[in-house]
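Only one structure is covered here, and it is reproduced in the block below.
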Amino acid sequence: MNTGDPWPSSSEAKDWVLRMQTKLHRWATDDPVRRFEDLFNLVIHPCFLTVAWERVRGNRGARSAGVDGVSPRSISASAEAMLTSVRADLTATRFRPLPVRERLIPKPGSTTRRRLGIPTTRDRVVQAALKLVLEPIFEADFKPCSYGFRPRRRAQDAIAEIHYLASRSYEWVLEADIEACFDTIEHTALMDRVRGRVTDKRVLSLVKAFLKAGVLREDGASRETITGTPQGGILSPLLANIALSPLDEHFSERWAVHGGDWRRRAHRLKGGATYRLVRYADDFVVLVAGTRQHTEALRAEVAQVLEPVGLRLADSKTRICHIDEGFDFLGFRIQRRRKRGTDEHAIYTYPSKRAIAAVKAKVRALTNRARHRTLNDLLRRLNPLLRGWCAYFQHGVSKRTFGYIDHFVFWRVVGWIRKRHVGLSWRALRRRYLPGWEIQADGIALVLPRTRPVSRYRYRGSRIPTPWASTNSGSAAGPRLGLVESRMQ
């Protein structure tokens with residue numbers, strides 16, 4: 001496409017990108033050792049840049065600006081000019097990423113804060129285009145035990161696998177966390193993993209440039225990024241999964257050594273153990289069908305696998321426990337308990353105390369009297385929080401917890417109303433704001449967690465399809481697509 005030609009529409013670009021991603025994924029799957037030579041032409045392709053811009057503009061962080069002070073939401077009519085400029089700079093090898101703007105945000109359920117790096121709008125577009133090109137290739141290599149920041153995978157899949165395994169003799173657990181994972185990834189080891197699939201020097205230099213872009217701290221000082229990938233960048237989750245893939249491969253190889261189910265059972269009868277890894281980004285657990293001694297030996301083994309990537313386990317968050325003791329993972333409490341009224345035991349997954357405390361703290365903050373002018377404003381902020389929280393935990397044993405949160409929220413809102421209307425009688429308050437004991441304002445009713453349905457999440461195992469598993473691979477872009485394909489063969 002010439003720079004003077006009109007840019008493709010959003011729908012045309014999405015269709016073309018999906019077809020191209022499907023081809024990349026199929027080529028990577030069919031040939032596990034294939035190294036892709038010419039990917040830069042895809043990164044700068046108008047269709048990929050258009051889809052990348054759509055994702056950047058629709059992202060939750062579109063209101064946040066980088067060091068240049070320009071947020072994606074502030075760019076509307078000038079978007080095409082911005083994309084044209086980015087493409088011209090990439091083509092002429094003039095593009096240089098700017099440092100990310102550092103923000104320290106509180107860690108959920110903790111008093112500590114973590115670093116969040118906010119790239120500029122132009123850098124986000126290029127990162128999104130790189131991710132669109134690289135993700136289908138590396139997804140062909142990623143193992144099923146990894147669930148974080150991957151398409152069509154979610155935290156509930158990880159919890160379902162833990163429930164499945166813990167119900168089948170995997171009773172010992174190594175609960176682990178990587179210390180400052182995004183800040184300490186070794187660049188050399190990461191780039192070596194990327195080079196295992198990509199030989200295009202222009203793409204590799206772009207990835208390395210983002211890793212070395214630096215950080216502008218909140219106090220105005222600049223800091224070089226010798227290790228790590230800024231948490232908050234669009235490309236960072238994919239790079240983190242690439243860096244952590246040796247851990248997935250290590251346990252997948254150990255699992256494959258014992259062959260089928262009967263060989264694994266025979267191995268355990270001889271005093272051996274089998275292991276399964278369940279990982280969500282830098283949080284992971286290793287479930288062991290064996291003894292505590294087998295599990296304790298894993299700590300050093302995992303540390304040895306992570307060491308070449310520059311990562312190490314956080315001692316304060318790494319522990320060994322039995323499934324009867326229970327452990328917290330991704331906001332859930334997972335524990336084997338006796339079924340009420342029977343002598344049978346089962347694995348239960350329900351919201352953890354930390355998750356409950358976190359949502360209560362958010363409700364308290366929202367129901368502060370000074371935060372909202374009207375009840376309508378309060379409900380517009382409160383309802384999405386409650387819907388999202390209930391949707392996340394609806395696939396656990398959460399009915400009683402939902403009832404508790406329902407009671408807590410109801411009386412927090414009632415307290416807010418009474419403080420806003422001092423002197424209003426209880427009878428008048430009920431008539432005006434609580435018809436039928438339901439809180440309403442201007443046609444908006446408070447979401448009631450107790451009414452949310454609860455169901456068991458179906459364990460999908462390794463059958464989770466990628467977005468590129470089946471799609472019409474015919475060309476809709478004519479000669480341009482054929483040119484890109486011929487360069488990549």
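Just in segment 52-103: which trypsin sites (Lys or Arg not before Pro) are loop by DSSP and have at most 14 other Cβ atoms within 10 Å?
Details: sites: Arg55, Arg57, Arg60, Arg63, Arg73, Arg87, Arg94, Arg101, Arg103; in loops: Arg94.
Answer by residue number: Arg94.
How large is the accessible surface per residue of the chain, computed with a 1.4 Å probe and reported in Å² as a whole number? Mind showing how you got there, number by number?
Values: 24200 Å² over 489 residues.
Dividing the accessible area of the chain by its residue count gives 49 Å².
Building the convex hull from the alpha-carbon atoms of segment 1-87 and averaging its projection over directions returns 7.2 nm². Here's how it looks for Gln231: its modeled amide H is under 5 Å from those of Gly117, which are all 5 or more places away or on a different chain.
Give me the number: length gained by fully extending Arg113 to Ala391, i.e. 0.36 nm times residue separation minus the C-alpha to C-alpha distance, one decimal in nm.
Working: separation 278, 0.36 × 278 = 100.08 nm, distance 2.64 nm.
Net length gain for the segment: 97.4 nm.
Scan the chain and hand back the longest stretch that contains none of the GluC sites (Glu not before Pro) lying in DSSP loops with at most 11 other Cβ atoms within 10 Å. Kindly include the intermediate steps, with their values, before the conclusion.
Numbers: sites that count: Glu218, Glu224, Glu325, Glu344, Glu438.
Answer from the scan: 1-217.
Positive end of the dipole of the chain, charges at C-beta (+1 Lys, Arg; -1 Asp, Glu), about the Cα centre: which of Ser64, Val305, Gly443 has its Cα farthest in that direction? Value: Gly443. Only protein atoms count toward the accessible area here, which uses a 1.4 Å probe; on the chain, the carbon and sulfur part of that area reaches 49 percent.
Take the Cβ-Cβ distance between Ala300 and Arg152 as r, set R0 to 30 Å, and report the resulting FRET efficiency rounded to the nearest 0.05.
Working: r = 35 Å, r/R0 = 1.15.
E(calc), rounded to 0.05, equals 0.30.
Accessible surface of Ile226, taken over heavy atoms with a 1.4 Å probe and every protein chain present, rounds to 120 Å².
Given +1 at the Cβ of Lys and Arg, -1 at the Cβ of Asp and Glu and no other charges, the dipole of segment 259-336 around its Cα centre is 420 debye to the nearest 20.
In the chain, taking the dipole from charged Cβ atoms about the Cα centre, the farthest positive-side position among Pro8, Gly228, Ser74 is held by Ser74. Under the convention that each Lys and Arg Cβ holds +1 and each Asp and Glu Cβ holds -1, the size of the dipole of segment 1-128 around its Cα centre is about 840 debye. For the chain, a simple Cβ point-charge model (Lys and Arg +1, Asp and Glu -1, everything else neutral) yields a dipole of about 2560 debye relative to the Cα centre. Note on segment 58-198: dipole from Cβ charges, positive end direction compared against Ile137, Ile162, Leu90; the farthest Cα belongs to Leu90. Based on alpha carbons, the Rg and Dmax found for segment 95-224 are 18.0, 54 Å. Quick check: Cα centre of segment 110-179 to Cα centre of segment 224-239, how many Å? Value for the Cα centre distance between the two parts: 14 Å. Fully extending the segment from Arg195 to Glu438 would add 81.6 nm, taking 0.36 nm per residue of separation and subtracting the current Cα-Cα distance.
From the list (1) 71, 64, 43; (2) 73, 68, 49; (3) 86, 57, 45, can you say which value of Cα extents along the principal axes in Å was derived from the structure given? Recomputing Cα extents along the principal axes in Å here picks out (2).
The values are calculated or read from the model by the stated rules, or taken from the named source; none is laboratory data. Because the structure is predicted, anything quoted here is derived from the model rather than measured. In this analysis, Cβ positions are derived from the backbone assuming ideal geometry, glycine residues included, and neighbour counts consider all displayed protein chains. To get the accessible areas, we keep the full protein, side chains included, count just its heavy atoms, and leave off ligands, DNA and RNA. Shrake-Rupley method; radii C 1.70, N 1.55, O 1.52, S 1.80 Å.
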